[in-house]
Amino acid sequence: MITDYSIQAVAINAIPLIFAITIHEAAHGYAARKFGDNTAYMLGRVSLNPAKHIDPVGTILIPLVLLLTGSPFLVGYAKPVPVNFGRLRNPRIDSIWVALAGPGSNFIQALIWLILLIALVGFGVNEKFLISMSQAGITWNLGLLVFNLFPLPPLDGGRILSSLLPARQSIALGRLEPWGFFIVLGLVFTGIIGSLWMTPLMSFFEWLILLLTSPLRMIFS
């Protein structure tokens, strides 16, 4: 839990979080355009401007409430990028790639922040602000990656699962979408999603990025 509310501490967490959310949403729009749907691009959502993606409730209010209530995980969401799945060249398959683009961007960002951290430590750069920001960047991106992969719409994992299921089951799952995020929040507050989903998957992806950067860590060891 974050207990330091100084301007420096806010900056350490806010900067990587803004990058994590902005690139996540822009990645959805970019992937949709590559697979045939220009909706997000035409609406200016394939953008690295954070103002185009921040949702007052999902990006600000929910993380703030979780922070103040002592939640071990800080989660939230941005304004969903509009995608017309019917315009995709192969809607059933392409929608999986569009959904994966957001979490995939968070995985890449976590990897980049880890590489930066390894380089800072390896070159003896003893700058606490940059080191703390790199650590925060890893944590935020792994958190957003895992949270968004939860298999319930409107989260990315729910869209992936919906595309993989037979038509009848996919339709049934889609009916949960208006209530999906409230269900997820309930699971967050009860600790179920933390212990059974976030903790094990974040550990797995942390192990994976450590594995991928092991040659670099050997160089600086």
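The values are calculated or read from the model by the stated rules, or taken from the named source; none is laboratory data. Predicted, not measured: the structure shown is a model, and the values here were computed from it. Counting neighbours? That spans all protein chains shown, and the Cβs are built from the backbone with ideal geometry, glycine included. Surface areas here come from the heavy atoms of the whole protein model, side chains and all, with no ligands, DNA or RNA. Shrake-Rupley method; radii C 1.70, N 1.55, O 1.52, S 1.80 Å.
Restricting attention to the range 24-50, the residues that are in a loop (DSSP other than H, G, I, E, B) and of a type outside the set (Lys, Arg) total 10.
Of the listed requirements (1) open to solvent by 60 Å² or more (accessible area, probe 1.4 Å); (2) closer than 22 Å to Leu145 by Cβ, Met133 misses just one: (1). In the set (1) closer than 25 Å to Leu161 by Cα; (2) modelled with pLDDT under 95, Asn106 fails one condition alone, (2).
Quick check on the range 153-212: of everything there that is of a type in the set (Gly, Ala, Ser) and farther than 25 Å from Trp97 by Cβ, which residue is surrounded by the most Cβ atoms within 10 Å (Cβ to Cβ)? That would be Gly194. Only one residue in Ser132, Ser47 is more than 30 Å from Asp37 (Cα to Cα), modelled with pLDDT of 85 or more and of a type in the set (S, T, N, Q). Which one? That would be Ser132, the only listed residue that is more than 30 Å from Asp37 (Cα to Cα), modelled with pLDDT of 85 or more and of a type in the set (S, T, N, Q). Residues that are open to solvent by less than 80 Å² (accessible area, probe 1.4 Å) and more than 14 Å from the chain's Cα centre (by Cα) were ranked within the range 53-63; the one that is modelled with the highest pLDDT is Asp55. Answer yes if at least one residue in the range 111-134 is touching a Phe, Trp or Tyr at 6+ places or on another chain (Cβ under 8 Å) and within 17 Å of Phe204 (Cα to Cα), and no otherwise. No, that holds for no residue.
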